[in-house]
Amino acid sequence: MTNIRLQPVDDLVPLGASARNRWSVSATQANLVRPPIVPQPVTIDVGAKLVTFDLARTAIIVIDMQNDFCHPDGWLGHIGVDVTPARAPIAPLQRLLPVLRGIDVPVIWLNWGNRPDRLNLSPALLHVYKRSGTGIGLGDRLPGSGARVLERGSWSASIVEELTVESTDIHVAKYRMSGFQDTELDSILRNLNVTTLLFAGVNADQCVLCTLQDANFHGYDCMLLRDCAATTSPDYCMAATVYNVNQCFGFVLESSVLTAALASRGPRLPR
């Protein structure tokens with residue numbers, strides 16, 4: 001058998017949903033060498049040490065900043081929960097997200113988005129939010145607005161209007177406290193060629209922490225943005241979350257420290 005060496009051709013076209021992870025192909029050739037990603041290192045002080053990571057391989061995941069959790073007329077407000085703490089991340093995220101978009105860090109909105117028929121929600125999951133079997137739980141209608149709790153496409157599941165969503169942002173619907181369970185999140189992150197994840201949103205001790213833990217288990221480097229995350233749980237729950245992230249799963253930092261480090265980097269290198 002004779003090995004035939006094909007000559008390179010100029011009509012290769014890109015193949016892949018993400019410029020960060022694609023082949024080049026033609027009718028006669030397939031080039032599996034991914035385009036190089038120019039490192040964009042940044043160093044931040046997280047208190048215990050200096051940490052350097054690559055912005056070119058970083059994404060931010062904003063979790064559950066939705067009306068049902070953060071709006072007074074949403075689900076939590078209806079059942080008597082003070083949503084004031086859940087609104088605390090809004091202002092720092094308003095400042096941070098445009099900065100990250102400006103340096104091509106993907107913004108991923110990870111939100112509850114139940115099926116209308118709730119067929120992907122087990123009784124065990126429904127019980128968490130409807131322990132007596134009565135009241136307003138996942139997928140039930142809220143009195144007044146009639147919006148179904150955290151149902152995909154409803155006002156309840158929409159991101160609060162104070163946070164601007166851009167057309168380039170990425171949306172992932174979740175159905176558990178972890179955004180990695182039964183979703184396409186991991187596939188999207190791998191197509192983006194991401195290794196470092198910034199975490200923000202609510203509730204810090206529940207969906208944010210569960211997703212961050214699973215990210216760590218999947219091999220991602222994890223950073224919790226302390227001022228961009230919050231919880232309506234008691235204060236000790238937030239303290240325990242910060243402790244556990246620092247101790248076991250990654251790093252904790254303030255968004256102001258990150259934006260200051262980004263501002264001091266000077267002109268951005270071309271990708």
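Are any residues in region 45-71 over 19 Å from Pro89 (Cβ atoms), open to solvent by less than 30 Å² (accessible area, probe 1.4 Å) and part of a strand (DSSP E or B), and if so, which ones?
Val51, Phe53
Per this entry, Arg22 is counted among residues that are crowded, with 16+ Cβ neighbours inside 10 Å and outside any helix (DSSP H, G or I).
Among the residues of region 138-191, the one identified as in a helix (DSSP H, G or I) and of a type in the set (Val, Ile, Thr) is Ile188.
From the residues in region 128-142 that are of a type outside the set (Lys, Arg) and open to solvent by 80 Å² or more (accessible area, probe 1.4 Å), which one is farthest from Trp155 (Cα to Cα)? Before you say what the answer is, go through the steps one by one.
Residues of region 128-142 that are of a type outside the set (Lys, Arg), as a first pass: 128-129, 132-140, 142.
Next cut, open to solvent by 80 Å² or more (accessible area, probe 1.4 Å) only: 132, 134.
On the way: Ser132: 26, Thr134: 22 Å.
It comes out as Ser132.
If you go through region 91-137 and pick out every residue that is within 19 Å of Asp169 (Cα to Cα), assigned to a loop (DSSP other than H, G, I, E, B) and β-branched (Val, Ile, Thr), you end up with 2. Checked against (1) touching a Cys at 6+ places or on another chain (Cβ under 7 Å); (2) not in a loop (DSSP other than H, G, I, E, B), Thr231 passes all but condition (2). Every listed requirement among (1) surrounded by fewer than 20 Cβ atoms within 10 Å (Cβ to Cβ); (2) more than 14 Å from the chain's Cα centre (by Cα); (3) within 26 Å of Val99 (Cβ to Cβ) is met by Arg190 save one, (2).
Please verify whether Thr195 is in contact (Cβ under 8 Å) with a residue 60 or more places away in the chain and surrounded by 14 or more Cβ atoms within 10 Å (Cβ to Cβ), treating the condition exactly as stated. Answer is yes for this residue. Please verify whether Gln206 is in a helix (DSSP H, G or I) and open to solvent by 30 Å² or more (accessible area, probe 1.4 Å), treating the condition exactly as stated. So Gln206 fits the description; yes. Screening Asp169, Asp221 for residues that are open to solvent by less than 60 Å² (accessible area, probe 1.4 Å), in contact (Cβ under 8 Å) with a residue 40 or more places away in the chain, closer than 30 Å to Asn21 by Cβ and among the acidic types (Asp, Glu) leaves exactly one candidate, Asp169.
Kindly indicate whether Pro39 is over 21 Å from Arg152 (Cα atoms), open to solvent by less than 50 Å² (accessible area, probe 1.4 Å) and in contact with a helix residue (DSSP H, G or I) (Cβ under 9 Å, 6 or more places away or on another chain). Outline the logic, then answer.
Details: over 21 Å from Arg152 (Cα atoms): yes; open to solvent by less than 50 Å² (accessible area, probe 1.4 Å): no; in contact with a helix residue (DSSP H, G or I) (Cβ under 9 Å, 6 or more places away or on another chain): yes.
For Pro39, the condition - over 21 Å from Arg152 (Cα atoms), open to solvent by less than 50 Å² (accessible area, probe 1.4 Å) and in contact with a helix residue (DSSP H, G or I) (Cβ under 9 Å, 6 or more places away or on another chain) - is not met.
Of all the listed residues (Leu262, Leu258, Leu212), the sole one being outside any loop (DSSP other than H, G, I, E, B), under 12 Å from the mean Cα position of the chain (by Cα) and among the aliphatic types (A, V, I, L, M) is Leu212.
Taking the conditions exactly as written (in contact with a Leu (Cβ under 7 Å, 6 or more places away or on another chain) and over 30 Å from Gln247 (Cα atoms)), does Ser156 satisfy them or not?
Numbers: in contact with a Leu (Cβ under 7 Å, 6 or more places away or on another chain): yes; over 30 Å from Gln247 (Cα atoms): yes.
Taking the combined requirement at face value, the residue satisfies it.
The values are calculated or read from the model by the stated rules, or taken from the named source; none is laboratory data. Fair warning: this is a prediction, and the values are worked out from it, not measured in the lab. Cβ coordinates were reconstructed from backbone atoms using ideal geometry, including for glycine residues, and neighbour counts include every protein chain displayed. Each accessible area value is taken on the protein alone, full model and side chains, heavy atoms only, with ligands, DNA and RNA left out. Shrake-Rupley method; radii C 1.70, N 1.55, O 1.52, S 1.80 Å.
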